[in-house]
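So the structure is just underneath, and the comments pick up after that.
The values are calculated or read from the model by the stated rules, or taken from the named source; none is laboratory data. What you see is a predicted model, and the numbers here were worked out from it, not measured in a lab. As a convention, Cβ positions derive from the backbone with ideal geometry for all residues, glycine included, and neighbour counts pool all protein chains shown.
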Amino acid sequence: MRARLLAASFLVSAFACGAQPALAQEKSAEVAAVEALGPVPAGRLTDAVVPSAYRLDLVIDPAREAYSGRTQIDVTIARPATYIDLHGLDLTMLSATATIGGKAYAGRWTQLDETGVGRLVFDEQLPAGEAVLEFTYTHHFNEGPAGIFRTKVGDQWFAWTQFESIDARQAFPSFDEPGFKVHFTVTLRTPRGLVAVSNTPEVSSSTDGEWDVHHYAQTKPLPTYLAAFMVGPFSVAEGTIPATPERPAPLAQRLITTPQNAGQSDFALDATARIIPLLERYFGIPYPYEKLDQITSPIMPGAMENAGAVLYADQIVMLDESAPVSSKRVAGMVLAHELGHQWFGDLVTPEWWDDIWLNESFANWVGYYVADQWRPDLRVWEGALGEGFEAMDTDALVAGRPIREPILTNGQIDAAFDTITYGKGGHVIAMIAAFMGEEKFRAGVHQHLTNHAFANATGDDFFSALAGAAGDPRIVSAMKSFVEQQGVPLVTVSGSQGTYTVSQSRYVRYGSKGPDVQWQVPLCMRTIGSAAERKCELLADKSMPFAIAGDGALLPNAGGTGYYRFELPAEEWDRLIATADTLTGGEAQAVADSLRASYLAGRASPEQLIALTRKLAANPDSYAFAEAGSTLALLDTGGSLEGKSEEAFRQLVDGLYASQLKEIGFDPRRGAYAGADAETSERRDRLVTRLTSAAHDAGVRATLLNAARAYLGGDQAALDDAFMADALAVYIDEGDLARVKDLAGKALASQDPVFRPAALGALAGKGDAKIADWLLNGFKDERLRPTEKLRLITGVLRREKTRDFGAEWLRTNYRDLVQQMGGIFVTRSIPGMLSGFCSAKRASEFESQFGELVANTPAQLPFERTMEEVRDCDALVAARGEAARAAVLSAK
Ligand SMILES: [Zn+2]
């Protein structure tokens, strides 16, 4: 699975809710009586009853409000029992029976908690042995991306599924755990003429009155979370993936999307035809399933690796070669991530959710690694490092969790899909791969997949496969020290001239204290300049000497693959900063991350941040260049610049970038830079964004405003997708409520996967109270999807002037939002909306307002992290705000 990269870009609606409360707050006497029969599993089910196959027969008409199903499960009952525990969430159960040795036993179904743990109770004791459970039931379609969900696109209805982590239980009663990997036989009944897709090829079809009946081949063993059903009047594009040394026959592929995207399928089909062979070569194993369909949905916030039926957000894969470089990078990375999961996750599945990190950390790493091979010109790889450094910001907080931790309750599962799992986990994999050498690492991966094909495995299985391939047991303890401990190592370097001492501690920000932790850090340093050397050693103790040749600057994170931050003596920092215009993208990110971290810890000066920004802005590498913006932005933490210093800041930004944009040119018209080299295009996109927002450059804003007006007036060629968000932001910033309403109407009338989200994302940008009130309370239109409402809330909370209003609205509507959307993508992302605040007082208020709402839900840890950030921000501004203002005022 993969959430979109753009932070907080999705969320919910407060109206038209189809969901029903799972259970009343107070337990009924009936539930209490069922509970009293035996302990209710809060996390894993017991081994009392084990499934061996599912037969699912579902009636799915996306135009109706509910679907219905008949589910049969073959199980083995270990010992005589009067009840069976399994999962089912908000199902309206019509019948439930167990058939054993030809005798049917009628059961009574009770859902016992809000996560969908249920109990099937019988009047007489069931004997041990083989049994068939059979259920008939109905359930409403969800509006948010969880379970079976639907939406209207134009005037047609479509339905998709998103089951990871524990939402398959909304679609069918099940033993909804990854360790139960069994065969599924699926039948879908759909209105005549619709396209219906599941995990395997359709082997036969028939009609039954007004229904088409689709029968699918039995699946290979799958966990419930990888089953998939998609139904609607889709448009289908077909392609072929050529044979490879690992797979002698060509593989058919289809791209299945809503009709307004038809004609946009070639890019993804072509990328897939190249990425699958790269993955097969990497793993040394052919694509494991019978067919490959990839489906898109406008309300999916990310992507999901359902075996043979992968689901994506429209925005991620519906593009063509003319799309912005950043979009093509994301498309390639997400395709390679989800397709990589077909082996790592689907073919070999974690035994339990405590090892989901293994799925996602590895897929994150391989996604960037293989996409980089797919299109070397796009330079996808350095993006992986960027995600790792971003994760360090989260991992540096005192509130947090290690990559791998026990999952004891259902409520903890979704919280494991966070930046620690993806960004940190991917970076740790990269660090170990670089330290082992890529060939040995690949051999370990191959061994792991071969050992556990079509079955389950644990993190320890993976560690031992790697250690075997490396011939070095230290790999296991080094990796475990990162996987099983929270926090970012800070490597402090002292000494000079090639003779250094390195020591480790846990990195913390200004005013914080972290526990004393020790890692085994695979440390790779290099020197820059004449007689330079690169050297790797394992820092296993608190400190050790480190000798390295060369008399130039010291770079303590060579290649940027190390998951650690570093601190240098001031003069060593200055020497390193002076080289930042020539560093590679990965190393520039490492240097910028460590200097920013040093500033946030109260050490590096604002002047050093400005010096580094100037060097990075002059670096020709697009990733290095990108770091300039986030480095300088630190000086405006918590909006501490105002009046004269704010104006000086704008001039500083304009001075850095305006001449660069002039040099490479700026024409907002569609396709003006078609065929241009990727690095220059990426640089132009970023320059335009910075000059529009941070610098408020009048010339660039005027150009964008004219382009937006022409585009909205019907001239489709006036504005390229690369500049769409910036242009619409200026258009709204310089308009009024009437303009906001007009653009909102245009957005909802469009199904364009670039324009529609960009327009909705722009609506709250002015930071105007009346507009914010209309967006959250007045804007009611059935075409506005729940996921799109989240964009509006995020936008309102992002602006200083409407932030308090947004927080109050969020508090009032929190329960409805979670109730309506739920699912893995939404609940845990809501607290981040409050991250723009910078006040210890507000943090305390939020804790009393939201504390109970988030307790014991996937939002709890994200909320704790956000509140810590809000307090840290306050402390940083108090300690350094004045120095930052002075540095900006004196920067020339
Ligand atoms: Zn994933």
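Observations, loosely collected:
- Output for the stretch 759-806, where each listed residue is of a type in the set (A, V, I, L, M), buried (at least 21 other Cβ atoms within 10 Å of the Cβ), at pLDDT 95 or above and more than 22 Å from Gln156 (Cβ to Cβ): Ala762, Leu763, Ala764, Ile771, Ala772, Leu775, Leu776, Leu792, Ile793, Val796, Leu797
- Test: Gly881 is under 29 Å from the mean Cα position of the chain (by Cα), small (Gly, Ala, Ser) and not assigned by TED's automatic domain parsing to the domain that holds Phe417: no
- Applying the condition of being within 15 Å of the ligand (Cβ to nearest atom) and charged (D, E, K, R) to the stretch 396-427 and asking which residue is surrounded by the most Cβ atoms within 10 Å (Cβ to Cβ) yields Lys424.
- The one condition in (1) modelled with pLDDT of 90 or more; (2) farther than 26 Å from Glu382 by Cβ; (3) more than 28 Å from the chain's Cα centre (by Cα) that Gly471 fails to fulfil: (1)
- Only residues that are within 30 Å of Ser839 (Cα to Cα), assigned to a loop (DSSP other than H, G, I, E, B) and in contact (Cβ under 8 Å) with a residue 12 or more places away in the chain were counted across the stretch 638-683, and they come to 2.
- Scanning the stretch 201-228 for residues that are in contact (Cβ under 8 Å) with a residue 40 or more places away in the chain and not aromatic (Phe, Trp, Tyr) turns up Pro201, Ala217, Thr219, Lys220, Pro221, Leu222, Pro223, Thr224, Leu226, Ala227, Ala228.
- Ile295 more than 27 Å from Arg756 (Cβ to Cβ), of a type outside the set (Lys, Arg) and buried (at least 22 other Cβ atoms within 10 Å of the Cβ): no
- Identification of helices (runs of 4 or more DSSP H) wholly contained in the stretch 265-357 with 1 or more residues that are within 16 Å of the ligand (Cβ to nearest atom), touching a residue at least 60 places away in the same chain (Cβ under 8 Å) and of a type in the set (D, E, K, R) yields 325-341.
- Filter pass, Arg791 being touching a residue at least 40 places away in the same chain (Cβ under 8 Å) and part of a helix (DSSP H, G or I): yes
- Scanning the stretch 107-155 for residues that are of a type outside the set (D, E, K, R), over 29 Å from Asp61 (Cα atoms) and in contact with a Phe, Trp or Tyr (Cβ under 8 Å, 6 or more places away or on another chain) returns Val121, Phe122, Leu126.
- Residue match in the stretch 507-516 (condition: more than 22 Å from Asp346 (Cα to Cα), at pLDDT below 95, crowded, with 18+ Cβ neighbours inside 10 Å and not assigned by TED's automatic domain parsing to the domain that holds Ser594): no
So that you can scan it fast, the table gives a plain yes or no per residue for (1) in the same structural domain as Ile166 (by TED's automatic domain parsing); (2) of a type in the set (Val, Ile, Thr); (3) more than 23 Å from the chain's Cα centre (by Cα):
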residue	(1), (2), (3)
Ile407	no, yes, no
Asn410	no, no, no
Thr419	no, yes, no
Lys440	no, no, yes
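- Condition broken by Thr703, with the remaining ones in (1) farther than 27 Å from Asp314 by Cα; (2) loosely packed, with under 15 Cβ neighbours inside 10 Å; (3) not acidic (Asp, Glu) satisfied: (2)
- Filter result for the condition that a residue is modelled with pLDDT under 95 and among the charged types (D, E, K, R), over Asp155, Asp176, Asp167: Asp155
- Members of the stretch 400-416 that are hydrophobic (A, V, I, L, M, F, W, C), assigned to a loop (DSSP other than H, G, I, E, B) and closer than 24 Å to Gly388 by Cβ: Ile403, Ile407, Ile413
- Of all residues in the stretch 459-483, none that is farther than 19 Å from Trp343 by Cα and surrounded by fewer than 21 Cβ atoms within 10 Å (Cβ to Cβ) has its Cβ atom under 9 Å from the Cβ atom of a residue that is modelled with pLDDT under 90 and polar (S, T, N, Q), 6 or more apart or on another chain.
- Of all residues in the stretch 388-419, those that are in contact (Cβ under 8 Å) with a residue 60 or more places away in the chain and either of a type in the set (Val, Ile, Thr) or over 30 Å from Leu89 (Cα atoms) (or both) total 13.
- Of the residues making up the stretch 827-842, those that are farther than 18 Å from Leu817 by Cβ and in a loop (DSSP other than H, G, I, E, B) are Phe837, Cys838, Ser839.
- Members of the stretch 112-153 that are over 28 Å from the mean Cα position of the chain (by Cα), under 16 Å from Gly69 (Cβ atoms) and of a type in the set (S, T, N, Q): Thr136, Thr138
- Filter result for Asp113 (at pLDDT below 95 and surrounded by 16 or more Cβ atoms within 10 Å (Cβ to Cβ)): yes
- Selection count, the stretch 428-456, where residues are modelled with pLDDT of 90 or more and not in a helix (DSSP H, G or I): 5
- A single entry from Ala430, Ala434, Ala455 fulfils the requirement of being touching a helix residue (DSSP H, G or I) at 6+ places or on another chain (Cβ under 9 Å), within 21 Å of Phe283 (Cβ to Cβ) and surrounded by fewer than 21 Cβ atoms within 10 Å (Cβ to Cβ): Ala434.
- Tally, over the stretch 226-264, of residues that are part of a loop (DSSP other than H, G, I, E, B) and either crowded, with 18+ Cβ neighbours inside 10 Å or not charged (D, E, K, R) (or both): 16
- Of residues in the stretch 134-179 being of a type in the set (Val, Ile, Thr) and in contact with a strand residue (DSSP E or B) (Cβ under 6 Å, 6 or more places away or on another chain), the one surrounded by the fewest Cβ atoms within 10 Å (Cβ to Cβ): Thr138
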